[in-house]
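Read the structure below first, then the notes.
The values are calculated or read from the model by the stated rules, or taken from the named source; none is laboratory data. Everything numeric here is computed off the predicted structure, so don't read it as measured data. Here the Cβ is made from the backbone with ideal geometry for all residues, glycine too, and neighbour counts use every protein chain on show. For the accessible areas, the whole protein counts, side chains as well, though only heavy atoms, and no ligand, DNA or RNA atoms are used. Shrake-Rupley method; radii C 1.70, N 1.55, O 1.52, S 1.80 Å.
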Amino acid sequence: MSVPSASTPTPRVPESGGSVVISVDAMGGDRGPAVVVAGMAESAEKNPEIRFIVHGDEAELAGLIARRKVLAGRCDIRHAAGVVTMHDKPSQVLRKSEGTSMWSTLESVKAGEAQVAVSCGNTGALMALSMLRLRKLPGVNRPAIACLWPSRNPQGFNIMLDVGADIRADAHDLLQYALMGASYARNGLGLPMPRVGLLNVGTEEHKGRAELKQAHEMIEQAAAGSYTYVGFVEGGDLPSDRVDVIVTDGFTGNVALKTGEGTAKLVGDFLKDAFSNSIMSKFAAVLAMSSLKRLQKRIDPRRVNGGIFLGLNGTVVKSHGSADATGVSAAIKLAFTLAKSGFQDRLAARVAQGAAASASATDTGASS
């Protein structure tokens, strides 16, 4: 981790444009700040309400932003000489993170200058720093990372959490994930009554570990008209239209996520091989081009780029480290959507209600 000394920046406000301010870590991704700025430009062109606070090497960022006319007057550059690399361990980052672009990005959200933080950086480091600088919401034991999963539902996606924030999760954690996932579905996907399912090895109530059976009862009791609980779901339900929010622990969720991404890439590679195998197959590919493009768009992981850190005093969107400009733009669009909906305040209120309901249920169970 490179952490040269850096002076405290003087707060500045972008000159014009927009009512939603997004704090962007420009230095954390695998492809460098040029791709991040290109993604910002794509988002700015589509939505005049967005403006940015951009964190990283000021001289480099000033040159990149100056070449994008659509960003003129809509960016505040905050110099941060240090960079958190993909190889840095979270424990190292916590000790020596001040002065990095990631630290500075989160500070803008903590100070109330921006509504959402977006970073392509090291996931473990970003979660550790987010918990340090933003802190957990009252009532949240373990924050979660939620991702979008392509599905047959009308909205085109399902939500799954946790996908890697913490490999452990007890029944109370799974209940919190259900509450936070339902809130995300309402505000991010526009679903007034999302359907929530608990991932298990089968749909029968007698299957699964003890904490899953306990969580099954708690999630059902806590629904209270804010979501519909469909019970246990299986791996085959992840892309189905049976459920909108899939709740699981971070170990299982991360394995499922990486498996899904790998499978999508494998299918794409198989299609390329099949349609380039012979002259006739190439001719068939030309005839099927429009259908293939629709399929490619449907399973393109760049369209669902952006995992949300839930359970913190601030909204953080984690983009893939290898994201291109389209992927970065998708993450920024998601951040903008959540900021416009007032998601953070609604999430905090829902978690507080859930914590009270959970405590009441525990007291009732203890006295009976």
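Answer with yes or no whether Lys293 is of a type in the set (Lys, Arg) and modelled with pLDDT under 85.
yes
All but one of (1) touching a residue at least 40 places away in the same chain (Cβ under 8 Å); (2) part of a helix (DSSP H, G or I); (3) open to solvent by 60 Å² or more (accessible area, probe 1.4 Å) hold for Arg242, so report the exception by its number.
(2)
Six or more apart or on different chains, Cβ under 7 Å: which pairs go from a residue in segment 136-155 that's touching a residue at least 24 places away in the same chain (Cβ under 8 Å) to one that's open to solvent by less than 40 Å² (accessible area, probe 1.4 Å) and among the acidic types (Asp, Glu)? Could you list them?
Partner pairs satisfying both residue conditions: Asn141/Asp173; Arg142/Asp166; Arg142/Asp173; Ala144/Asp162; Ile145/Asp162; Asn153/Asp244.
Do we find that Val70 is farther than 18 Å from Phe309 by Cβ and among the hydrophobic types (A, V, I, L, M, F, W, C) in this structure?
Judged against the criteria, Val70 is a match.
Would you check if there is a residue in segment 269-281 being at pLDDT below 90 and under 20 Å from Leu161 (Cα atoms)?
no
Which numbered condition trips up Ala182, out of (1) at pLDDT 90 or above; (2) more than 24 Å from Phe336 (Cβ to Cβ); (3) of a type outside the set (S, T, N, Q)?
Here Ala182 clears every test but (2).
I'd like the full set of residues that are outside any loop (DSSP other than H, G, I, E, B), open to solvent by 10 Å² or more (accessible area, probe 1.4 Å) and in contact (Cβ under 8 Å) with a residue 60 or more places away in the chain, limited to segment 30-61.
Correct list: Val35, Ala38, Glu42, Lys46.
Select from segment 75-123 the residues that are hydroxyl-bearing (Ser, Thr, Tyr) and assigned to a loop (DSSP other than H, G, I, E, B) and write down the one among them that is modelled with the highest pLDDT.
Checked segment 75-123; the qualifying residue modelled with the highest pLDDT is Thr85.
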